[in-house]
Amino acid sequence: MNDKRLRHLLGIEELDRDTAERILELAGTFHEVVRRPVRKVPTLRGKTIINLFFEASTRTRSSFELAGKRLSADVMNVGGSSSSTSKGETLRDTIRTLDAMHADVVVIRHSVSGAPHYISSRTRASIINAGDGMHEHPTQALLDAFTMLRHKRRIEGLTVAICGDIAHSRVARSNALLLGMLGAHVRLAGPRTLLPHRADAWGADVFDRLEPALADADVVMMLRIQQERLGACLLPSLREYSQQFGLNKRRLALARSDALVMHPGPLNRGVEIAEDVADGEQSVILEQVESGVAVRMAVLYLCANEPERPIEG
Ligand code: ASP
């Protein structure tokens, strides 16, 4: 099947259901590829991908890098402090410079919500949002949906409880939008100070206690407290937070017995998730990481490939 090129992936908000489903389907193909003894296809040979990360990242940056390399593209990493923005260059000039080098895709992470949208109208390259401030993290939501699909074979009708610091989480927003679009029932749970003002606008049920949100859930997704984005005084203490909102075995037992435990990472063990739950039988946290490479290959393929070039090899 020949695919239409995806101009940019800025957020789930801009994505239609058909494209989301196509990404998930293609990710299935690439998941096979990354499990082969030779984990590489020549599909993006001659294409250039630039990872432009202005915020810390382990998983997302290395996952995009690996995804690009598995597709045989030339991949270059540019970090925030090592880039010229630390010398006062504007984001606009940085992107114009990368454009002049004929980048096909720029993957960007930035602490300012909307930064990828801003540059997308000022570049020839396709822009992929790898996390913008408190706004969106679309590939995280896609890899989470892909992981759920591998286990549950469907998204439609699943009850997914997303718990923790919802207000500051781009992962929560992108997941709520994507899962809602694909027909899941989304629950958001957290202390009132960490719930967004208009959470109902996300099409989800909102809880200020963990227990009712976990009841009979098919998937429990825990989130890290975004200390770097937290204003003062939103939380009395981490200990208290953990006592009331941490996922432990006793609380997990409220969900379905086959519920999946997910977390986008990095984990704060003993805060939002107990050690034995993070490493327990229901945890698919490392599978999420594996799914990430396949999903990002699919997104890069749709952004950088010539429409007439199928997946070869
Ligand atoms: N890695 C995810 C993000 O970049 C989640 C987190 O940092 O807590 O948003």
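As a calculated quantity, the FRET efficiency between Asp205 and Ala56 at R0 = 30 Å, using C-beta atoms, amounts to about 0.40.
For the range 88-191, the share of DSSP beta bridges that are antiparallel, to the nearest 5, is 10%. Per the Debye formula on identical point scatterers at the alpha carbon atoms of the range 157-206, with no solvent, log10 I(q)/I(0) at q = 0.24 Å⁻¹ is -0.80.
What does the helix-only formula give at 222 nm for the chain: each DSSP H stretch with n ≥ 4 adding -39500 (n - 2.57), the total divided by the residues, and the result rounded to the nearest 500 deg cm²/dmol? Helix-only estimate at 222 nm: -10500 deg cm²/dmol. Taking all protein chains as shown and a probe of 1.4 angstrom, Ser113 keeps an accessible surface of around 60 Å². With one equal scatterer per alpha carbon and no solvent term, the Debye-computed log10 I(q)/I(0) for the range 74-233 at 0.08, 0.09, 0.11, 0.15 1/Å reads -0.29, -0.37, -0.53, -0.86. Using only side-chain charges placed at the Cβ, +1 for Lys and Arg and -1 for Asp and Glu, the dipole size of the chain relative to its Cα centre rounds to 540 debye.
The mean accessible area for residues of the chain, using a 1.4 Å probe and ignoring ligands and nucleic acids, is 44 Å² per residue. When Glu65, Glu21 are compared by accessible area at a 1.4 angstrom probe, the order from most to least is Glu21, Glu65. The magnitude of the dipole of the range 1-143, with charges of +1 and -1 set on the Cβ of Lys/Arg and Asp/Glu and taken from the Cα centre, is near 580 debye.
Per-atom-type breakdown for the chain gives carbon and sulfur 48% of the accessible area (1.4 Å probe, protein chains only).
Only the Cβ atoms of Lys and Arg (+1) and of Asp and Glu (-1) were treated as charged; on that basis the dipole of the range 154-312 about its Cα centre amounts to roughly 540 debye.
Average 1/r across all pairs of distinct alpha carbons in the range 1-62, invert it, and you get the Kirkwood radius: 14.4 Å. Lysine pair count for the chain (Cα-Cα distance under 26 Å; residues 8 or more apart in sequence or on different chains): 6. In this simple spin-label model, placing a label point 7 Å from the Cα along the Cα-to-Cβ direction at both Thr90 and Leu235 gives a separation of 3.7 nm. What number comes out for the charge environment of Thr193, summing +1 per Lys or Arg and -1 per Asp or Glu over other residues with Cβ under 11 Å away? Here the count lands on -1. Using only the C-alpha atoms, the convex hull of the range 182-258 corresponds to 107 Å³ per residue. For the range 20-153, the average shadow cast by the Cα convex hull is 8.8 nm², which is a quarter of the hull's surface.
Counting heavy atoms of the protein chains alone, Asp16 has an accessible area of about 80 Å² for a 1.4 Å probe. Residue order by solvent-accessible surface for Lys87, Lys152 is Lys87, Lys152, largest first, with ligands and nucleic acids left out and a 1.4 Å probe.
For the chain, the average shadow cast by the Cα convex hull is 15.8 nm², which is a quarter of the hull's surface. I'd like to know which of Thr139, Gly183, Thr60 lies farthest towards the positive end of the charge dipole of the chain, counting +1 on Cβ of Lys and Arg and -1 on Cβ of Asp and Glu. Towards the positive end, the residue furthest out is Thr60.
The mean sequence separation of alpha-carbon pairs under 8 Å and at least six residues apart, normalised by the residue count of the chain, gives a relative contact order of 23 percent. The smallest convex shape that holds all Cα atoms of the range 208-313, its convex hull, gives 155 Å³ per residue. Screening the chain for whole DSSP H helices of 15 Å or more along their axis (Cα) with average Kyte-Doolittle hydropathy at least -0.5 returns 17-33, 138-152, 170-181, 285-304.
Overall dimensions of the range 65-134, expressed as equivalent-ellipsoid semi-axes from the Cα gyration tensor (√(5λ), whole Å, largest first), are 19, 14, 13. Considering only DSSP beta bridges where both residues belong to the chain, give the percentage that are antiparallel (nearest 5). The antiparallel fraction comes to roughly 5 percent.
For the range 109-198, the fraction of alpha-carbon pairs lying more than 16 Å apart is 58 percent, rounded to a whole number.
The values are calculated or read from the model by the stated rules, or taken from the named source; none is laboratory data. Everything numeric here is computed off the predicted structure, so don't read it as measured data. With ideal geometry, Cβ positions are generated from the backbone for all residues, glycine too; neighbour counts draw on all protein chains shown. Accessible surface areas use protein heavy atoms only, side chains included; no ligands, DNA or RNA. Shrake-Rupley method; radii C 1.70, N 1.55, O 1.52, S 1.80 Å.
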